[in-house]
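**Student:** This is the structure I have questions about; it appears just below.
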Amino acid sequence: MAQVRQLVVDSQNPPTLARFWAAMLDDFEIRAYDDEEIARLASLGRTPETDPSVILDGPQFEICFQEVAARVSGDRAVHLDIASSDRASETSRLVALGASVVEEFDSHTWMRDPEGNDFCLTDG
């Protein structure tokens with residue numbers, strides 16, 4: 001049987017986008033940077049704030065935000081559905097974090113994160 005291990009999201013600014021998703025999702029945290037990883041980034045002329053690949057660790061899978069030079073416009077083949085017991089309040093909270101509402105439906109809200117990646121907020 002296959003299991004979801006990692007969802008990869010193309011990003012223009014992985015650290016910023018990872019912080020957005022970490023603030024939105026319960027039990028997901030940005031993977032800690034140890035001395036070895038900080039040294040590796042430094043050898044590339046990078047820091048944790050300019051890391052080209054940031055991992056959010058979650059309870060059953062991880063989300064990788066990877067830097068890409070250019071984005072492809074149009075529909076995305078993959079998006080996350082996020083459940084909430086109070087969709088209206090959660091929509092407001094996510095908008096305050098930088099998300100935008102694309103369209104409201106009876107049982108879900110189509111939204112985009114700060115870089116335009118689609119996700120749906122569903123009724124819990």
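Any read-out appearing in this document is the output of simple, stated calculations on the displayed coordinates, not a laboratory observation. Predicted model, so just to flag it, every value in this text is computed and none were measured. Every residue, glycine as well, gets a Cβ built from its backbone with ideal geometry; the counts of neighbours run over all protein chains shown.
**Student:** Under a no-solvent Debye model with one identical scatterer per Cα of the stretch 79-124, what's log10 I(q)/I(0) at q = 0.22, 0.26, 0.29, 0.31 Å⁻¹?
**Tutor:** Each listed q corresponds, in turn, to -0.64, -0.90, -1.12, -1.26.
**Student:** Find, to one decimal place in angstroms, the Kirkwood hydrodynamic radius of the stretch 1-69, where the mean of 1/r is taken over every pair of different Cα atoms and then inverted. Mind showing how you got there, number by number?
**Tutor:** Numbers: mean 1/r = 0.0801 Å⁻¹.
By the Kirkwood definition, the hydrodynamic radius is 12.5 Å.
**Student:** Report, in deg cm²/dmol and to the nearest 500, the calculated mean residue ellipticity at 222 nm for the chain, where each DSSP H run with n ≥ 4 adds -39500 (n - 2.57) and the sum is divided by the residue count. Can you show the working numbers first?
**Tutor:** Numbers: 3 runs with 31 residues, N = 124.
Value at 222 nm, helices only: -7500 deg cm²/dmol.
**Student:** Further, regarding this structure: Based on the alpha-carbon gyration tensor of the chain, what equivalent-ellipsoid semi-axes (square roots of 5 times the eigenvalues) come out, in whole Å, largest first?
**Tutor:** Numbers: eigenvalues 148, 50, 39 Å².
Gyration-tensor ellipsoid for the chain: 27, 16, 14 Å.
**Student:** Apply the Karplus curve 6.51 cos²θ - 1.76 cosθ + 1.60, θ = phi - 60°, to the phi angles in the stretch 107-113 and return the couplings in whole Hz, x for Gly and Pro.
**Tutor:** 10, 7, 10, 7, 10, 9, 6
**Student:** Out of residues 5 or more away from VAL9 or on other chains, whose amide H comes under 5 Å of its own, with H placed 1.01 Å from N in the peptide plane?
**Tutor:** HN-HN under 5 Å from VAL9: CYS64, PHE65, GLN66.
**Student:** Listing GLU104, GLU49 from the residue with the fewest other Cβ atoms within 10 Å to the one with the most, what is the order?
**Tutor:** Ascending number of Cβ neighbours within 10 Å: GLU49, GLU104.
**Student:** Ok, one more. Tabulate in residue order the Karplus-calculated ³J(HN,Hα) for the stretch 52-68, using 6.51 cos²θ - 1.76 cosθ + 1.60 with θ = phi - 60°, rounded to whole Hz; enter x for Gly and Pro.
**Tutor:** Couplings: x, 8, 10, 10, 9, 8, x, x, 10, 7, 10, 10, 9, 9, 10, 6, 10 Hz.
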